[in-house]
Structure formats: C-alpha cells, structure tokens
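Beneath this line is the structure, given in structure tokens, with notes to follow.
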Amino acid sequence: MPVATLLISSKNYSSWSLRGFLLARIARLEFEEKVVDPDDPNTRAELLLKASSIRVPCLVHDGISVWDTLAIAEYLHETFPNAGLYPTDRMARARCRSIAGEMHSGFSALRSSLPMNLRAHRPGFKLWSAARADVDRITEIWRECLATWGGPWLFGRRPTVADAMYAPVATRFRSYDVALDPASDGYSAQVFAWQPMQEWIEAALVEPEQIEELEVEF
C-alpha cells in the first residue's frame, strides 16, 4: 500500500514533475500519483514558466508536505539515507549537489526556447546562441562527470539526484534534434533506457491534455 502521495502536473510538459517522480523512484518510496488539473491557473502558469515559484511536484509523506525538487531530494535523502540519492564519497556528493543546484537555478534560455514536450519532434530545430551556450555547459557537465566517475550514470553505477535533475534535459535534446558528442549521446541513451523514464514517457504519450502555447513551432 502506498505510504506517500506525489502531486504532479502534466507528464508530457512538466520537467519538474518528472524530476520529483524520478527522485521518489531512486528513494524506492511507495507512492501514489495525484495529477493536479492542468487547466488550473497556477498549474498552467508554472508549466508556461510564468509563475514566481514552482509548487508542483509536491510530496506528501508521513504528514509532511514538501515541494520544490531540491527540497524533495534533501527530504528523501534525510528520510532514506541508504537509498543512494547522493554519492557516498564526499567530493562526489559535493559535486552532485553543485550540478543539481546549477540545473535547478540556471539554464533559463534552454527552458524557454526548448520547453519539454515528450510528444514533439522538431527535426532541424535552430538553437539560439543563448540556448546553445546552455547546451554546451550541460554537455560539459555530463562529460566531466562521466570521465571522473566512470559512468554510466553521472556519479558511477547508480542514478543519483543529479541524474534525476538532468533527465528532462535529455528529452529536450531528443525532441529538438540537438546534436550531441558521443559521451553525451551515450549518457542520454542511458537515461532513456532507465525503467522509471520509460514508465513516465509511456504515460506521457497517451496523456489527453494538450497545452497549445507549448505546441507552437518556434
């Protein structure tokens, strides 16, 4: 029986909901999903990047409500310290937190010009220079981590908070036909082969809701 509830929005469009879902899977937490109404003004504002803060996903566990993906990550790590959300090595753990924070607070050009849309495919999509700089920085992070910790995940043999934070980026790269270097392409394939990712994408592809503003050809 599920012991927690994860509030999410659209599986097709919400990168933050996907991150919360993946974090709960890494923690091996039994939870049920509750989808908030995508037509709710607050939910729609978050999906369109017009909200002042992001309050979905929200994890409800043991009478406690936790929102914001980094807060969820820290809560799960504190509650399930043996689940491996962060690397055991101190240096790796510091790097994991740093790049997760960078994803959480940065890359605004990528977010705005390549919104997550798992059902979309835009061959030949033209990247703006600011978005290209974000892509270059993200793939630099991936290559450095893979080279330092040996892959196939960013910090070795098991997925961590960092992988949950960067997984939606791999979907953006695929949706918008972004060419990747071999190491980054291999990591992206690893992300797509991840069972929780497959589960999420399968559900997203049959999701009935469509948000017209996020279906525009840029």
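The values are calculated or read from the model by the stated rules, or taken from the named source; none is laboratory data. Model, not experiment: these values are computed from the prediction. We place every Cβ from the backbone using ideal geometry, glycine too, and count neighbours over all the protein chains shown.
Go through segment 67-123 residue by residue and tally those that are basic (Lys, Arg), within 19 Å of PRO168 (Cβ to Cβ) and crowded, with 16+ Cβ neighbours inside 10 Å.
Adding up the residues that qualify gives 2.
Return only the number of the condition from (1) of a type in the set (Ser, Thr, Tyr); (2) crowded, with 17+ Cβ neighbours inside 10 Å; (3) at pLDDT 95 or above that THR43 does not satisfy.
THR43 satisfies all of (1) of a type in the set (Ser, Thr, Tyr); (2) crowded, with 17+ Cβ neighbours inside 10 Å; (3) at pLDDT 95 or above except (3).
Please pick out the residue among TRP153, TRP149, TRP128, TRP142 that is touching a Gly at 6+ places or on another chain (Cβ under 6 Å), at negative phi and either without any contact (Cβ under 8 Å) to a residue 40 or more places away in the chain or not polar (S, T, N, Q) (or both).
TRP149
Check THR79 against each of (1) modelled with pLDDT under 95; (2) in contact with a His (Cβ under 9 Å, 6 or more places away or on another chain) and name the one condition it does not meet.
The one condition THR79 does not meet is (1).
Can you give me the ranges of the helices (runs of 4 or more DSSP H) entirely in segment 73-184 with at least 3 residues that are of a type in the set (Asp, Glu)?
Of the helices (runs of 4 or more DSSP H) lying wholly inside segment 73-184, those with at least 3 residues that are of a type in the set (Asp, Glu) span 129-149.
Filtering segment 185-218 down to residues that are in a loop (DSSP other than H, G, I, E, B) and under 16 Å from ASN12 (Cβ atoms), which residue is modelled with the highest pLDDT?
VAL206
Taking ARG122 and the conditions (1) outside the structural domain of ASP177 (by TED's automatic domain parsing); (2) more than 19 Å from the chain's Cα centre (by Cα), which numbered condition does it fall short on, given that it satisfies the others?
Going through (1) outside the structural domain of ASP177 (by TED's automatic domain parsing); (2) more than 19 Å from the chain's Cα centre (by Cα) one by one, ARG122 breaks only (1).
Just for segment 90-111: of the residues that are touching a residue at least 24 places away in the same chain (Cβ under 8 Å) and over 15 Å from the mean Cα position of the chain (by Cα), which one is nearest to PRO57 (Cα to Cα)?
Filtering segment 90-111 for residues that are touching a residue at least 24 places away in the same chain (Cβ under 8 Å) and over 15 Å from the mean Cα position of the chain (by Cα), the one nearest to PRO57 (Cα to Cα) comes out as ALA109.
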